[in-house]
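The values are calculated or read from the model by the stated rules, or taken from the named source; none is laboratory data. Note that the structure is predicted; figures quoted are calculated from it, not measured. Cβ placement follows ideal geometry from the backbone for every residue including glycine, while neighbour counts extend to all protein chains displayed. Heads up: the accessible areas ignore ligands, DNA and RNA and are worked out on the full protein's heavy atoms, side chains in. Shrake-Rupley method; radii C 1.70, N 1.55, O 1.52, S 1.80 Å.
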Amino acid sequence: MAERRSPAAAFAGRFAAASEGGALRLAELPFRTQLNLRVDPASPAARDLGDALGAPLPVEPCTAVTAGDVTVAWLGPDEWLVIAPPGHRPELLSKALGDRHGSVVDVSAQRTTLLVGGPRARDLLAHGCALDLHPSVFGPGRCAQTTLARAQVVLLPQADGVHVLVRSSFAAYLAEWLLDAATEYLR
Amino acid sequence: MLLIPCPWCGPREEAEFHYGGQAHVAYPDDPAALSDEEWARYLFFRDNPKGVFAERWSHSAGCRRWFNALRDTATNEIHAVYRVGEPRPVTS
Ligand SMILES: [Zn+2]
């Protein structure tokens with residue numbers, strides 16, 4: 001079997017070192033299952049997909065719902081990103097959709113997830129992101145597609161910090177940027 | 001830098017958007033029936049007002065949806081944004 005290597009695997013050591021001071025927690029959360037889901041939110045198919053996921057598809061822009069270990073993030077009025085632990089089986093959703101109008105596409109390899117946690121996480125992200133990331137307006141249950149240091153990302157605030165979903169080919173760039181921007185918070 | 005209110009995501013910085021030119025340019029009913037001049041007018045000729053202009057924008061680094069905006073070309077003030085398929089809002 002071929003060796004599997006995540007996009008930011010080479011940064012594990014430097015992420016761990018940057019996390020030692022306690023101000024920040026940086027890590028890659030590799031190989032998470034990601035499914036791109038497109039369906040008319042008013043259709044019976046959308047309801048069935050919500051049932052299969054354990055929570056209705058969020059229709060309010062820039063929100064996300066979590067059911068068990070699966071998070072569904074709003075990407076557009078008819079588009080969602082389903083995020084689940086590595087190895088989650090996409091067939092369940094394809095089955096729920098059946099042959100009705102819509103699509104379930106496995107995009108797990110498109111993006112990797114970088115965890116930016118710790119008390120200075122928001123300060124670090126603010127160096128390269130124009131959005132208001134204060135927990136009062138951007139806590140769990142929210143999501144945002146925006147740019148971080150000019151790289152397109154999906155931001156998901158979670159209990160352990162902000163999950164930064166970045167395209168695989170941008171992961172090394174963003175990891176370098178995060179480590180550079182973090183310098184002032186490290187001891 | 002403009003702060004553009006995406007009708008889905010809310011206010012975002014201009015760098016997240018792509019500009020799409022004049023809105024409400026209808027595709028000809030019967031393109032084959034047009035003369036070359038009429039076809040060229042459809043393809044290349046656009047209004048260029050000083051003042052309120054209805055134009056298309058795409059929130060390309062966000063929700064990636066196209067929408068329309070009424071922007072004052074002299075002041076850059078955005079008077080309204082509206083989703084595709086919605087009528088152009090009336091402004092004073
Ligand atoms: Zn948007």
Residues being assigned to a strand (DSSP E or B) and either buried (at least 16 other Cβ atoms within 10 Å of the Cβ) or within 14 Å of another protein chain (Cβ to nearest Cβ) (or both): count how many of those fall in the stretch B:44-92. 18
Could you go through the stretch A:165-175 and let me know if any residue there is part of a strand (DSSP E or B) and open to solvent by less than 20 Å² (accessible area, probe 1.4 Å). yes
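One line per residue, one yes/no per condition, for (1) more than 16 Å from the ligand (Cβ to nearest atom); (2) touching a Phe, Trp or Tyr at 6+ places or on another chain (Cβ under 9 Å):
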{"site": "A:59", "(1), (2)": "no, yes"}
{"site": "A:66", "(1), (2)": "yes, no"}
{"site": "A:69", "(1), (2)": "yes, no"}
{"site": "A:76", "(1), (2)": "no, yes"}
{"site": "A:86", "(1), (2)": "yes, yes"}
Any residue that is in contact (Cβ under 8 Å) with a residue 60 or more places away in the chain, open to solvent by 40 Å² or more (accessible area, probe 1.4 Å) and assigned to a loop (DSSP other than H, G, I, E, B) - is there at least one of those in the stretch A:145-162? yes
Of the numbered conditions (1) open to solvent by 60 Å² or more (accessible area, probe 1.4 Å); (2) away from the ligand (no atom under 16 Å from the Cβ); (3) on the phi < 0 side of the Ramachandran plot, residue B:24 satisfies every one except a single condition; which is it? (3)
Which one is farthest from the ligand (Cβ to nearest atom) among residues in the stretch B:31-72 that are in contact with a strand residue (DSSP E or B) (Cβ under 6 Å, 6 or more places away or on another chain) and among the aliphatic types (A, V, I, L, M)? B:52
Can you tell me which residue within the stretch B:4-27, out of those that are free of Cβ contacts under 8 Å to residues at least 24 places away in the same chain and part of a strand (DSSP E or B), is farthest from the other protein chains (Cβ to nearest Cβ)? B:11
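Take residue B:2 and decide whether it is more than 13 Å from the ligand (Cβ to nearest atom), of a type in the set (A, V, I, L, M, F, W, C) and in contact with a helix residue (DSSP H, G or I) (Cβ under 6 Å, 6 or more places away or on another chain). Reasoning before the result, please.
Numbers: more than 13 Å from the ligand (Cβ to nearest atom): yes; of a type in the set (A, V, I, L, M, F, W, C): yes; in contact with a helix residue (DSSP H, G or I) (Cβ under 6 Å, 6 or more places away or on another chain): yes.
Here the answer is yes, as residue B:2 does meet what is asked.
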